[in-house]
Ligand SMILES: Nc1ncnc2c1ncn2[C@@H]1O[C@H](COP(=O)(O)OP(=O)(O)OP(=O)(O)O)[C@@H](O)[C@H]1O
Ligand SMILES: [Mg+2]
């Protein structure tokens, strides 16, 4: 049986909007609908989608924070919302936007509280703490109150906090938000090692596709609450990899370039983006553009994952 | 099973201990806050005492008898407030996403909410109410049954206010900025029952008996301690019902709490 098993999952919210003086109108938002996927132990899965797609809502259901409106949901054989406290021992959660640490307490005290909450044996607690503190380079911050930590330091504290009890599954909702390049790199390395050494299953949402490229073999793309792609990262490339982009810098701002075999995607002052089939040669296109317009510079962009995903989103497949 | 009951209590104890340790690491500010809280609370009863400089009885009760009524709910609300005062901050927990975090921890949510940022500062109220209560004690003609009724009354009073705090805080699951609403019932009810129910219209007395049953944990048992019958004519056996009232309130509170948690919708970000 898969470790995480989701079938036909749905979650709606009733939203009240102001509709004039002292009046409210109700509407229903379908945050997640007809969502189906399963994840095996030890996988590292990227869970991506545009703002408001339903990623956080899914994670909240997987952890038992939210009760699903309908559908099947099993995590480690448990039903999250009914067996929330049993499940809690086996999972770790990091919400990048929020902290689980106590604002006024030094990091060390927050960790100690968590030790009590999860009943981690002293020996194991010390081992884990020493190890994460070293790997995440937190040693100097242990006695600083959380409110005085920088965002990156706090995030590392949060990740340590989520792992002190050796969870089987780690959910990360935008863990790299606001981190600088070096911190991001270090965090990715840490997560990869965690998965390799302990077999921890990872479900990661992010808007930084480099996180996905660095960590996940598998991606699930969700849009409007339902999954629009589930497969390997390479497959995602292949799926939408059908176009390349020719970036043209004209000498002057002009109307959109009109040449056969390519279409204008975007115009920004004198710069224009033209997309053309990936399997077609660029040479005739470049020649056609150069002969008909005053070109200052040209470059070709290979399809990248962001474009592929943008494509997926806009089609809402 | 025993573990299921004992674990939350043990966990509550652990967390409270850590918060106390954190609080005591700034002894100066702690001392100031405690003294401040004690002074504010002390004034509370002083106001009633001053009233008695121009009258001898209020609704047929003397100052010491009123002190008894005052102490009974005062100690109860003080114990409940000290133990679980943080439950009032539920709306804040919802807004800041703290509640989401708590829901991912293997300890019952209520235990976490109640123990969060526990502070000894709240002891000011218990101290003051206890002083008033002790001062009132000589008015009672003590017998073994009366001692028993008094002890049960204080325990029930604490339990009942515990229930009321939880019950009215649940409103914040639905409207997150309603902490004042809870205060209207808990502290408001407490203030009313500091006076003999004979000074109020009969409807108020009945409401404090059958709707918001605070009278069960001070008025009725205190009548027994003073050897009096209810001036409103309600039966004497009500004087022994304080545990039942507390149990009823706690049951309702826990049911509403469960509903609130299951209907909790988190926040959009
Ligand atoms: N508590 C809530 N009450 C009402 N609507 C909600 C709530 N939580 C989420 N929604 C709505 O559900 C939809 C999905 O939200 P969700 O937070 O899951 O998106 P997301 O994929 O995590 O987006 P982002 O990338 O911006 O974090 C949105 O339209 C949002 O407005
Ligand atoms: Mg989100």
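For segment B:1-87, which fully contained helices (runs of 4 or more DSSP H) count at least 3 residues that are within 30 Å of residue B:198 (Cβ to Cβ)? Steps first, answer last, please.
Values: elements: B:2-24, B:27-51, B:63-84.
Result: B:27-51, B:63-84.
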Open item on the list: I'm trying to understand the selection: among the residues of segment A:208-228, which are surrounded by 15 or more Cβ atoms within 10 Å (Cβ to Cβ), in contact with a strand residue (DSSP E or B) (Cβ under 8 Å, 6 or more places away or on another chain) and within 11 Å of residue A:46 (Cα to Cα)?
Closed with: A:209, A:211, A:212, A:215, A:216, A:218, A:219, A:220, A:221, A:222
Task: Output for segment B:68-106, where each listed residue is more than 14 Å from chain A (Cβ to nearest Cβ) and free of Cβ contacts under 8 Å to residues at least 12 places away in the same chain - done: none
- [ ] Report yes if some residue within segment B:123-139 is surrounded by 15 or more Cβ atoms within 10 Å (Cβ to Cβ) and not in a helix (DSSP H, G or I); otherwise report no.
- [x] no
- [ ] Would you mind telling me which numbered condition in (1) more than 21 Å from residue A:199 (Cα to Cα); (2) within 16 Å of ligand 1 (Cβ to nearest atom); (3) at the interface with chain B (Cβ under 9 Å from one of its Cβ atoms) residue A:61 fails?
- [x] (3)
Open item on the list: Could you go through segment A:34-46 and let me know if any residue there is within 13 Å of chain B (Cβ to nearest Cβ) and in contact with a strand residue (DSSP E or B) (Cβ under 7 Å, 6 or more places away or on another chain).
Closed with: no
Open item on the list: Go through segment A:85-95 and report how many residues are surrounded by fewer than 20 Cβ atoms within 10 Å (Cβ to Cβ) and touching a residue at least 12 places away in the same chain (Cβ under 8 Å).
Closed with: 2
Task: Of all residues making up segment A:167-189, the number that are touching a helix residue (DSSP H, G or I) at 6+ places or on another chain (Cβ under 7 Å), within 13 Å of chain B (Cβ to nearest Cβ) and more than 16 Å from ligand 2 (Cβ to nearest atom) - done: 1
Task: Whichever residue in segment B:245-266 is within 16 Å of ligand 1 (Cβ to nearest atom) and exposed (fewer than 15 other Cβ atoms within 10 Å of the Cβ) and, among such residues, is farthest from residue A:15 (Cα to Cα) - done: B:262
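Are there helices (runs of 4 or more DSSP H) fully within segment B:145-244 with at least 2 residues that are buried (at least 23 other Cβ atoms within 10 Å of the Cβ) and either over 16 Å from the mean Cα position of the chain (by Cα) or without any contact (Cβ under 8 Å) to a residue 40 or more places away in the chain (or both)? List them. If you could, list the steps in order and put the result at the bottom.
Numbers: elements: B:171-174, B:179-193, B:202-206, B:219-225.
By residue number, B:219-225.
Each row is one residue, and each column tells you yes or no for (1) within 16 Å of ligand 1 (Cβ to nearest atom); (2) assigned to a strand (DSSP E or B).
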{"position": "A:129", "(1), (2)": "no, no"}
{"position": "A:132", "(1), (2)": "no, no"}
{"position": "A:157", "(1), (2)": "no, no"}
{"position": "A:160", "(1), (2)": "no, no"}
{"position": "A:178", "(1), (2)": "yes, no"}
{"position": "A:194", "(1), (2)": "no, no"}
{"position": "A:204", "(1), (2)": "yes, yes"}
{"position": "A:222", "(1), (2)": "yes, yes"}
Task: Evaluation of residue B:109 against (1) farther than 26 Å from residue B:30 by Cβ; (2) away from chain A (no Cβ under 14 Å) (one fails), failing number - done: (2)
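Applying the selection to segment B:88-122, what residues are touching a strand residue (DSSP E or B) at 6+ places or on another chain (Cβ under 8 Å) and not in a helix (DSSP H, G or I)?
B:97, B:104
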Task: Considering residues of segment B:245-269 that are free of Cβ contacts under 8 Å to residues at least 60 places away in the same chain and within 16 Å of ligand 2 (Cβ to nearest atom) only, the residue farthest from the other protein chains (Cβ to nearest Cβ) - done: B:268
TODO: List every residue pair whose Cβ atoms sit under 6 Å apart, with the two residues 6 or more apart in sequence or on different chains, where the first one lies in segment A:193-207 and is touching a residue at least 40 places away in the same chain (Cβ under 8 Å) and the second, anywhere, is within 16 Å of ligand 1 (Cβ to nearest atom) and outside any loop (DSSP other than H, G, I, E, B).
DONE: A:203/A:45; A:203/A:47; A:203/A:171; A:204/A:46; A:204/A:172; A:205/A:47; A:205/A:55; A:205/A:173
Task: When residues of segment A:19-66 are limited to those that are more than 16 Å from ligand 2 (Cβ to nearest atom) and touching a helix residue (DSSP H, G or I) at 6+ places or on another chain (Cβ under 6 Å), the one nearest to residue A:83 (Cα to Cα) - done: A:64
Open item on the list: One residue is enough: does segment A:143-151 have a residue meeting the conditions under 23 Å from the mean Cα position of the chain (by Cα), in a helix (DSSP H, G or I) and surrounded by fewer than 21 Cβ atoms within 10 Å (Cβ to Cβ)?
Closed with: yes
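Do we have residue A:120 as in a loop (DSSP other than H, G, I, E, B), under 22 Å from residue A:165 (Cβ atoms) and more than 10 Å from every other protein chain (Cβ to nearest Cβ) here?
Here the answer is yes, as residue A:120 does meet what is asked.
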Task: Residue among A:66, A:113, A:107, A:101 that alone is within 8 Å of chain B (Cβ to nearest Cβ) and out of contact with any strand residue (DSSP E or B) (no Cβ under 7 Å at 6 or more places or on another chain) - done: A:113
Task: Matching residues, segment A:206-220, being within 16 Å of ligand 1 (Cβ to nearest atom) and either more than 14 Å from every other protein chain (Cβ to nearest Cβ) or part of a helix (DSSP H, G or I) (or both) - done: A:206, A:208, A:209, A:211, A:212, A:219, A:220
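None of the figures in this text is laboratory data; all of them are computed from the coordinates on show. From a predicted model like this one, the values you see are computed outputs, not experimental measurements. Cβ coordinates were reconstructed from backbone atoms using ideal geometry, including for glycine residues, and neighbour counts include every protein chain displayed.
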